[in-house]
Amino acid sequence: MENFNRLNDKYFKFLFANPDYKDLLIGFVNDVLDNTPKNVERLPPVVDLVYSDREAVPQSVLDKTPRFDVMARTFDNRKLHIEVQVAYDANLLPRLM
């Protein structure tokens, strides 16, 4: 198990994108949100998840096709896309915006 990649897509989906374990992902996301730096707007807690297989169209032919498998809904009805980033991406913030 020493070489087991916990960010492996199948493992991550089994653990976090499985409706049977919805409470695990809600708890994890809320823990992350609770640790938001003080100078950054805090989001309300996540109260529900929606599991789907949706794809977004990339902005250019060089971009990858993002898949949003899990959508979260916050206490005030904001919708968040849940995604794991496994490698450093200098363009992550502009891509997310």
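The values are calculated or read from the model by the stated rules, or taken from the named source; none is laboratory data. All values derive from a computational prediction rather than experimental measurement. Neighbour counts are summed over all protein chains in view; Cβ atoms, including those assigned to glycine, are modelled from backbone coordinates with ideal geometry. The protein model used for the area step is the full one, side chains on, heavy atoms only, and it has no ligands, DNA or RNA in it. Shrake-Rupley method; radii C 1.70, N 1.55, O 1.52, S 1.80 Å.
Taking the conditions (1) at pLDDT below 90; (2) open to solvent by 60 Å² or more (accessible area, probe 1.4 Å); (3) farther than 26 Å from Tyr11 by Cα; (4) not aromatic (Phe, Trp, Tyr) in turn, Arg78 satisfies each one other than (1). Scanning segment 26-59 for residues that are part of a loop (DSSP other than H, G, I, E, B), open to solvent by 30 Å² or more (accessible area, probe 1.4 Å), over 14 Å from Leu80 (Cα atoms) and at pLDDT 85 or above returns Asn35, Pro37, Lys38, Asn39, Val40, Glu41. Out of curiosity, is Leu24 within 17 Å of Asp69 (Cβ to Cβ) and without any contact (Cβ under 8 Å) to a residue 24 or more places away in the chain? Here the answer is yes, as Leu24 does meet what is asked. The lone criterion from (1) modelled with pLDDT of 70 or more; (2) part of a loop (DSSP other than H, G, I, E, B); (3) of a type in the set (A, V, I, L, M, F, W, C) left unmet by Leu7 is number (1).
Could you go through segment 60-69 and let me know if any residue there is modelled with pLDDT of 85 or more and in a strand (DSSP E or B). Scanning segment 60-69, I find no residue that is modelled with pLDDT of 85 or more and in a strand (DSSP E or B), so the answer is no. Just to be sure, is Arg95 open to solvent by 50 Å² or more (accessible area, probe 1.4 Å), modelled with pLDDT under 80 and within 18 Å of Lys13 (Cβ to Cβ)? So Arg95 fails the test.
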